[in-house]
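Single-structure report; data block below.
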Amino acid sequence: MKEKRVAAYIAFFYLIMTVISYLLWDIPLTKYCRELNLTVKNIAEEVTRFGVSTWYIVASMVLYLFFRYVYKNYLNAARALFVFLSLTVSGIFINILKWLAGRHRPVDLFQHGYFGFSFFGTGYELASFPSGHAQTAFALATSLTILFPRWGIPLFVAAGAVGASRIILTSHYLSDVIAGAGVGILLTMAVKYFFDLKKVKI
């Protein structure tokens, strides 16, 4: 099936890029970003706020309830539910991966020289992989692009900016952002596949 083949290609691409980044690019890029000037970091601080999932999840659920039970527009209700599920399903998966991986954040590299994974770790410093902000941004971009294809390019540019902000702020490594983006895209595609199976029009 075409969708499964495309998903397999995407998964392979993001897996390879994550591994390459971990082996070659994570530490040099993080050290470079640590030395960036304050203006760049202040801009990144503003951009990174758009990667917080709470408002998108709440807004999509409110829209679903409004269109489903008040306005009785079932197409828009299904679309709002699609966005909600894309964000929440990928978000839950990301948090499970964070716990399984227990990856040290860049702060541990700078302060203690730790780089890599302490599996089943808990706490902020051990929740670097994958990036939840990147997952949110790319799940949102993917779901909205499926609904409104003409907005695809600006949506993914915005998602990329959110991902880049996490690296600039040294909150995550590049491989964390790549993996988060991949999870957001792939699980949104999985939700779309589920909707198609159930013949829910969006």
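Each reported figure results from applying straightforward, stated rules to the coordinates on display, with no laboratory input. Given the structure is predicted, the values throughout are model-derived calculations rather than measurements. Don't worry about glycine lacking a Cβ; one is built from the backbone with ideal geometry, like all the others, and counts go over all protein chains shown.
What the Kirkwood sum gives for region 94-141 is a hydrodynamic radius of 10.8 Å, with every pair of different alpha carbons counted. Considering only 162, 19, 191, give the residue with the highest GNM mean-square fluctuation for the chain, with springs between Cα atoms whenever their separation is below 10 Å. In the Gaussian network model the winner is 19.
Of all aspartates and glutamates in the structure, the ones whose alpha carbon falls short of 20 Å from that of residue 198, not counting any fewer than 8 places away in one chain, are 3.
For region 16-97, chymotrypsin sites (Phe, Trp or Tyr not before Pro) are listed when DSSP marks them as loop and at most 15 other Cβ atoms sit within 10 Å of their Cβ; the list is 71. In this structure, the residue pairs whose Cα-Cα separation is over 27 Å, taken from 4/72; 4/31; 4/199; 2/98; 31/192, are 4/72; 4/31; 2/98; 31/192.
Summarising the overall dimensions of the chain from its C-alpha atoms, the Rg and Dmax are 17.6, 57 angstrom.
Shape descriptor for region 1-118: Rg over Rh equals 1.08 (Cα atoms; Rh from the Kirkwood inverse mean 1/r). In terms of surrounding Cβ atoms within a 10 Å radius of their Cβ, 5, 166 rank from fewest to most as 5, 166. Loop-located chymotrypsin sites (Phe, Trp or Tyr not before Pro) in region 103-202 (DSSP state not H, G, I, E or B) with no more than 13 neighbouring Cβ atoms inside 10 Å: 119, 120. Diffusion coefficient (Stokes-Einstein, Kirkwood radius over C-alpha pairs, 20 °C, 1.002 mPa s) for region 128-202: 171 µm²/s, rounded to a whole number. Run a plain Debye calculation on region 9-50 (Cα atoms as equal point scatterers, no solvent) and give log10 I(q)/I(0) at q = 0.23 Å⁻¹, rounded to two decimals, same order as the q list. These q points yield log10 I(q)/I(0) values of -0.81. Restricting the GluC sites (Glu not before Pro) of region 15-83 to loop positions (DSSP other than H, G, I, E, B) with no more than 12 neighbouring Cβ atoms within 10 Å leaves 35.
Of the residues 133, 172, 112, which exhibits the maximal mean-square fluctuation in a Gaussian network model of the chain defined by a 10 Å Cα contact cut-off? Most flexible of the set in this elastic network: 112. Comparing 155, 120, 106 along the charge dipole axis of the chain, the residue lying farthest to the positive side is 155, per the Cβ-charge model. The dipole here belongs to region 2-197: it is taken about the Cα centre, uses +1 on the Cβ of Lys and Arg and -1 on the Cβ of Asp and Glu, and is about 520 debye. Where the centre of each part is set by its Cα atoms, how far does region 1-58 sit from region 146-188, in angstrom? Centre-to-centre distance over Cα atoms comes out at 6 Å.
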